[in-house]
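A short write-up of the structure that comes next.
The values are calculated or read from the model by the stated rules, or taken from the named source; none is laboratory data. Bear in mind the structure is a predicted one, so any value in this text is a computation, not a measurement. Ideal geometry is used to build each Cβ from the backbone, glycine not excepted, and the neighbour counts take in all protein chains shown. What goes into the accessible areas is simple: the full protein's heavy atoms, side chains included, and nothing from ligands, DNA or RNA. Shrake-Rupley method; radii C 1.70, N 1.55, O 1.52, S 1.80 Å.
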Amino acid sequence: MNKSVILWTGAGQIGTAIARRIGYGKKIIVGDKNINNANNTAKIMKEAGFDIEPMEVDISCRKSILELISKGLSYGEISMLINSAGVSPSQASIEVILKVDLYGTAVLLEEVGKVISKNGVGVTISSQSGHRMKQLTPKEDLELACSPTEDLLSLEILKLENIKDTLHAYQLAKRCNEKRVMMEANKWGSRGARINSISPGIIVTPLAIDEFNGIRGDFYKEMFAKCPAGRAGTADEVANVAELLMSEKGAYITGADFLIDGGATASYFYGSLRPKDYH
(Lines give C-alpha, C1' and ligand atoms only; values in the text may rest on other atoms or scores of the structure.)
Protein backbone atom coordinates (compact mmCIF):
# COMPACT_ATOMS: atom_id res chain seq x y z
CA MET A 1 0.00 0.00 0.00
CA ASN A 2 1.34 3.39 -0.98
CA LYS A 3 2.10 5.76 1.85
CA SER A 4 2.50 9.49 2.08
CA VAL A 5 6.26 10.05 2.10
CA ILE A 6 8.41 12.53 4.03
CA LEU A 7 11.89 13.27 2.72
CA TRP A 8 14.14 14.46 5.53
CA THR A 9 17.75 15.57 5.09
CA GLY A 10 20.11 16.17 7.99
CA ALA A 11 19.56 13.71 10.83
CA GLY A 12 20.15 16.24 13.61
CA GLN A 13 18.23 17.56 16.59
CA ILE A 14 16.08 20.11 14.75
CA GLY A 15 15.07 17.71 11.98
CA THR A 16 14.30 15.02 14.55
CA ALA A 17 12.08 17.33 16.58
CA ILE A 18 10.13 18.28 13.44
CA ALA A 19 9.84 14.71 12.16
CA ARG A 20 8.45 13.52 15.49
CA ARG A 21 5.69 16.14 15.26
CA ILE A 22 4.53 15.37 11.71
CA GLY A 23 5.82 11.89 10.85
CA TYR A 24 3.22 9.55 12.33
CA GLY A 25 1.35 7.49 9.75
CA LYS A 26 3.83 8.39 7.02
CA LYS A 27 6.88 6.78 5.47
CA ILE A 28 9.98 8.76 6.43
CA ILE A 29 13.24 8.61 4.49
CA VAL A 30 16.00 10.23 6.53
CA GLY A 31 19.17 11.10 4.66
CA ASP A 32 22.49 12.23 6.08
CA LYS A 33 26.00 12.41 4.64
CA ASN A 34 27.12 10.44 7.71
CA ILE A 35 25.22 7.17 7.43
CA ASN A 36 25.87 6.47 11.12
CA ASN A 37 23.87 9.57 12.02
CA ALA A 38 21.00 8.44 9.79
CA ASN A 39 21.11 4.90 11.20
CA ASN A 40 21.17 6.05 14.82
CA THR A 41 18.32 8.51 14.30
CA ALA A 42 16.26 5.94 12.42
CA LYS A 43 16.76 3.41 15.22
CA ILE A 44 15.49 5.84 17.86
CA MET A 45 12.51 6.82 15.70
CA LYS A 46 11.63 3.20 14.90
CA GLU A 47 11.67 2.37 18.59
CA ALA A 48 9.18 5.21 19.09
CA GLY A 49 6.81 3.72 16.49
CA PHE A 50 7.73 5.59 13.30
CA ASP A 51 8.09 4.01 9.86
CA ILE A 52 11.50 5.30 8.88
CA GLU A 53 14.35 4.27 6.61
CA PRO A 54 17.92 5.68 6.76
CA MET A 55 19.93 6.57 3.69
CA GLU A 56 23.31 8.11 2.90
CA VAL A 57 22.65 11.44 1.20
CA ASP A 58 24.98 14.28 0.26
CA ILE A 59 22.87 17.32 -0.60
CA SER A 60 25.82 18.99 -2.31
CA CYS A 61 25.44 16.35 -5.06
CA ARG A 62 22.44 16.45 -7.40
CA LYS A 63 22.78 12.71 -8.13
CA SER A 64 22.51 11.95 -4.42
CA ILE A 65 19.42 14.15 -4.10
CA LEU A 66 17.79 12.39 -7.07
CA GLU A 67 18.52 9.01 -5.45
CA LEU A 68 16.77 10.21 -2.28
CA ILE A 69 13.75 11.33 -4.29
CA SER A 70 13.68 8.04 -6.21
CA LYS A 71 13.74 6.10 -2.93
CA GLY A 72 10.86 8.18 -1.61
CA LEU A 73 8.78 7.74 -4.77
CA SER A 74 9.21 3.97 -4.52
CA TYR A 75 6.96 4.09 -1.44
CA GLY A 76 4.34 6.58 -2.63
CA GLU A 77 3.76 10.28 -3.21
CA ILE A 78 6.21 12.72 -1.64
CA SER A 79 4.05 14.99 0.50
CA MET A 80 6.59 16.66 2.80
CA LEU A 81 10.20 17.85 2.83
CA ILE A 82 12.23 18.63 5.95
CA ASN A 83 15.65 20.04 5.04
CA SER A 84 17.79 20.42 8.13
CA ALA A 85 21.10 19.48 6.51
CA GLY A 86 24.00 21.90 6.63
CA VAL A 87 27.41 22.83 7.97
CA SER A 88 28.37 25.75 10.21
CA PRO A 89 31.18 28.33 9.95
CA SER A 90 33.35 26.41 12.43
CA GLN A 91 32.81 23.06 10.73
CA ALA A 92 33.77 23.65 7.12
CA SER A 93 35.65 25.74 4.57
CA ILE A 94 34.14 28.54 2.50
CA GLU A 95 33.90 26.21 -0.51
CA VAL A 96 32.11 23.46 1.43
CA ILE A 97 29.67 25.89 3.07
CA LEU A 98 28.70 27.30 -0.34
CA LYS A 99 28.44 23.84 -1.90
CA VAL A 100 26.31 22.34 0.88
CA ASP A 101 24.32 25.16 2.48
CA LEU A 102 23.78 27.30 -0.62
CA TYR A 103 23.96 25.15 -3.76
CA GLY A 104 22.74 21.95 -2.10
CA THR A 105 19.67 23.57 -0.60
CA ALA A 106 18.83 25.25 -3.92
CA VAL A 107 19.06 21.94 -5.80
CA LEU A 108 17.03 20.10 -3.16
CA LEU A 109 14.20 22.64 -3.29
CA GLU A 110 14.29 22.57 -7.08
CA GLU A 111 14.21 18.79 -7.48
CA VAL A 112 11.65 18.08 -4.75
CA GLY A 113 9.52 20.88 -6.18
CA LYS A 114 9.24 18.91 -9.43
CA VAL A 115 7.59 15.93 -7.70
CA ILE A 116 5.92 17.27 -4.54
CA SER A 117 2.30 16.17 -4.29
CA LYS A 118 -0.76 18.43 -4.34
CA ASN A 119 -1.18 19.94 -0.86
CA GLY A 120 2.42 19.00 -0.17
CA VAL A 121 4.60 21.20 2.01
CA GLY A 122 8.25 21.73 2.80
CA VAL A 123 10.37 23.55 5.32
CA THR A 124 14.08 24.30 5.07
CA ILE A 125 16.19 25.38 8.02
CA SER A 126 18.05 28.61 7.32
CA SER A 127 19.63 30.83 10.01
CA GLN A 128 19.49 34.19 11.72
CA SER A 129 22.85 34.82 10.01
CA GLY A 130 21.05 35.62 6.78
CA HIS A 131 19.27 38.47 8.57
CA ARG A 132 22.35 40.00 10.18
CA MET A 133 24.49 40.65 7.12
CA LYS A 134 24.37 43.97 5.30
CA GLN A 135 21.63 44.43 2.74
CA LEU A 136 22.45 43.22 -0.75
CA THR A 137 21.53 45.12 -3.88
CA PRO A 138 18.23 44.23 -5.58
CA LYS A 139 20.28 42.74 -8.44
CA GLU A 140 22.26 40.52 -6.06
CA ASP A 141 19.10 39.34 -4.32
CA LEU A 142 17.51 38.60 -7.70
CA GLU A 143 20.55 36.60 -8.78
CA LEU A 144 20.54 34.55 -5.58
CA ALA A 145 16.82 33.90 -5.97
CA CYS A 146 16.51 33.15 -9.65
CA SER A 147 19.84 32.07 -11.16
CA PRO A 148 19.82 28.51 -12.52
CA THR A 149 21.15 26.25 -9.78
CA GLU A 150 24.19 25.23 -11.81
CA ASP A 151 25.14 28.91 -12.26
CA LEU A 152 24.82 29.92 -8.60
CA LEU A 153 28.41 29.29 -7.53
CA SER A 154 29.68 31.33 -10.49
CA LEU A 155 27.94 34.52 -9.36
CA GLU A 156 30.25 37.47 -8.74
CA ILE A 157 29.04 37.86 -5.14
CA LEU A 158 30.01 34.22 -4.43
CA LYS A 159 33.50 34.29 -5.89
CA LEU A 160 36.07 33.33 -3.26
CA GLU A 161 37.92 36.64 -3.52
CA ASN A 162 34.69 38.43 -2.55
CA ILE A 163 34.05 36.37 0.59
CA LYS A 164 35.86 37.43 3.77
CA ASP A 165 35.64 34.25 5.84
CA THR A 166 33.50 31.22 6.63
CA LEU A 167 30.97 33.30 8.58
CA HIS A 168 30.48 35.59 5.57
CA ALA A 169 30.03 32.51 3.36
CA TYR A 170 27.46 31.12 5.80
CA GLN A 171 25.56 34.42 5.88
CA LEU A 172 25.43 34.51 2.08
CA ALA A 173 24.27 30.90 1.96
CA LYS A 174 21.45 31.57 4.38
CA ARG A 175 20.40 34.74 2.57
CA CYS A 176 20.28 32.65 -0.59
CA ASN A 177 18.15 30.01 1.18
CA GLU A 178 15.52 32.62 1.99
CA LYS A 179 15.52 34.01 -1.55
CA ARG A 180 15.33 30.55 -3.14
CA VAL A 181 12.34 29.71 -0.95
CA MET A 182 10.56 32.83 -2.18
CA MET A 183 11.28 31.95 -5.80
CA GLU A 184 10.48 28.24 -5.41
CA ALA A 185 7.18 29.04 -3.66
CA ASN A 186 5.89 30.08 -7.08
CA LYS A 187 6.89 26.78 -8.69
CA TRP A 188 5.65 24.70 -5.77
CA GLY A 189 2.42 26.70 -5.87
CA SER A 190 1.79 25.62 -9.46
CA ARG A 191 1.56 22.08 -8.06
CA GLY A 192 -0.69 23.14 -5.19
CA ALA A 193 2.18 22.85 -2.67
CA ARG A 194 3.90 25.19 -0.20
CA ILE A 195 7.50 25.84 0.90
CA ASN A 196 8.82 28.03 3.74
CA SER A 197 12.02 28.56 5.66
CA ILE A 198 12.82 28.93 9.34
CA SER A 199 15.81 30.96 10.54
CA PRO A 200 16.79 29.79 14.03
CA GLY A 201 19.11 31.68 16.31
CA ILE A 202 21.30 29.92 18.88
CA ILE A 203 19.64 26.52 19.27
CA VAL A 204 21.41 23.98 21.47
CA THR A 205 22.47 21.21 19.07
CA PRO A 206 25.78 19.45 18.37
CA LEU A 207 26.38 22.01 15.60
CA ALA A 208 25.85 24.88 18.05
CA ILE A 209 28.15 23.27 20.58
CA ASP A 210 30.85 23.19 17.90
CA GLU A 211 30.31 26.92 17.49
CA PHE A 212 30.44 27.55 21.26
CA ASN A 213 33.84 25.82 21.31
CA GLY A 214 35.07 27.49 18.11
CA ILE A 215 36.80 30.78 17.43
CA ARG A 216 33.53 32.73 17.72
CA GLY A 217 32.38 30.96 20.88
CA ASP A 218 32.45 34.06 23.09
CA PHE A 219 30.47 35.98 20.47
CA TYR A 220 27.72 33.37 20.40
CA LYS A 221 27.56 33.08 24.19
CA GLU A 222 27.22 36.85 24.47
CA MET A 223 24.52 36.78 21.81
CA PHE A 224 22.16 34.53 23.68
CA ALA A 225 23.03 36.07 27.06
CA LYS A 226 22.16 39.60 25.87
CA CYS A 227 19.25 38.85 23.57
CA PRO A 228 15.76 39.68 24.91
CA ALA A 229 15.03 36.01 25.67
CA GLY A 230 18.27 35.80 27.66
CA ARG A 231 18.97 32.20 26.68
CA ALA A 232 19.58 29.80 23.85
CA GLY A 233 16.66 28.02 22.22
CA THR A 234 15.74 24.38 21.83
CA ALA A 235 15.03 22.24 18.79
CA ASP A 236 11.48 21.71 20.00
CA GLU A 237 10.82 25.44 19.91
CA VAL A 238 11.80 25.43 16.23
CA ALA A 239 9.60 22.37 15.70
CA ASN A 240 6.63 24.25 17.19
CA VAL A 241 6.76 26.67 14.26
CA ALA A 242 7.51 23.97 11.68
CA GLU A 243 4.48 22.02 12.87
CA LEU A 244 2.27 25.05 12.26
CA LEU A 245 3.78 25.72 8.82
CA MET A 246 3.36 22.09 7.74
CA SER A 247 -0.22 21.72 8.99
CA GLU A 248 -3.53 22.87 7.55
CA LYS A 249 -3.39 25.77 10.00
CA GLY A 250 -0.52 27.14 7.90
CA ALA A 251 -2.29 26.66 4.59
CA TYR A 252 -2.02 30.35 3.64
CA ILE A 253 1.71 30.56 4.43
CA THR A 254 4.22 30.01 1.65
CA GLY A 255 7.39 31.69 0.40
CA ALA A 256 8.03 33.07 3.89
CA ASP A 257 10.88 32.98 6.39
CA PHE A 258 10.37 32.81 10.15
CA LEU A 259 13.04 34.20 12.47
CA ILE A 260 13.23 32.25 15.76
CA ASP A 261 16.18 33.72 17.64
CA GLY A 262 14.97 34.99 21.01
CA GLY A 263 15.28 38.54 19.71
CA ALA A 264 19.02 38.33 18.96
CA THR A 265 18.64 39.97 15.55
CA ALA A 266 16.48 42.72 17.03
CA SER A 267 19.19 43.32 19.63
CA TYR A 268 21.91 43.27 16.98
CA PHE A 269 20.26 46.09 15.05
CA TYR A 270 18.60 48.09 17.82
CA GLY A 271 19.74 46.83 21.21
CA SER A 272 22.69 45.88 23.38
CA LEU A 273 24.25 43.60 20.74
CA ARG A 274 24.54 46.41 18.22
CA PRO A 275 28.15 46.59 16.95
CA LYS A 276 29.93 49.83 17.81
CA ASP A 277 30.83 50.36 14.16
CA TYR A 278 27.30 49.67 12.89
CA HIS A 279 25.72 52.56 11.01
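One table, with the values for the structure above:
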item: Burial ranking of peptide ranges 153-159, 237-243 (average Cβ count within 10 Å, highest at the top); result: 237-243, 153-159
item: Added length on full extension, which subtracts the Cα-Cα distance from 0.36 nm per residue, residue 204 to residue 186; result: 3.2 nm
item: Mean separation of Cα contacts under 8 Å, 6 or more apart, over the residue count of segment 1-61: relative contact order %; result: 36
item: Distant alpha-carbon pairs in segment 1-87 (separation over 22 angstrom), percent; result: 14
item: Packing-based order for 74-82, 197-205, 132-140, using average beta carbon neighbours within 10 Å, highest first; result: 197-205, 74-82, 132-140
item: Accessible carbon and sulfur surface of the chain relative to its total accessible area, %, 1.4 Å; result: 53
item: Mean-position separation - Cα centroids, segment 101-176 and segment 15-57, in angstrom; result: 26
item: Overall Cα dimensions of the chain - principal axes, largest extent first, Å; result: 61, 38, 35
item: Per-residue SASA entry for residue 174, accessible area with 1.4 Å probe, Å² rounded to 10; result: 10
item: Cut-off under 5 Å, modelled amide H: who pairs with residue 195 long-range; result: 122, 255
item: Base-10 log of normalised Debye intensity for segment 157-247 (one unit scatterer per alpha-carbon) at q = 0.17, 0.20 Å⁻¹; result: -0.95, -1.11
item: Mean accessible surface per residue for the chain, computed with a 1.4 Å probe while every protein chain stays in place, in Å²; result: 46
item: Heavy-atom accessible area ranking, 1.4 Å probe, most first, across 87, 181; result: 87, 181
item: Kirkwood-based shape ratio for segment 125-279, expressed as Rg/Rh from alpha carbons; result: 0.98
item: Relative contact order of the chain, pairs being alpha-carbon contacts under 8 Å that are 6 or more residues apart, as %; result: 19
item: Computed [θ] at 222 nm, deg cm²/dmol, the chain (DSSP H ≥ 4; -39,500 (n - 2.57); rounded to nearest 500); result: -12500 deg cm²/dmol
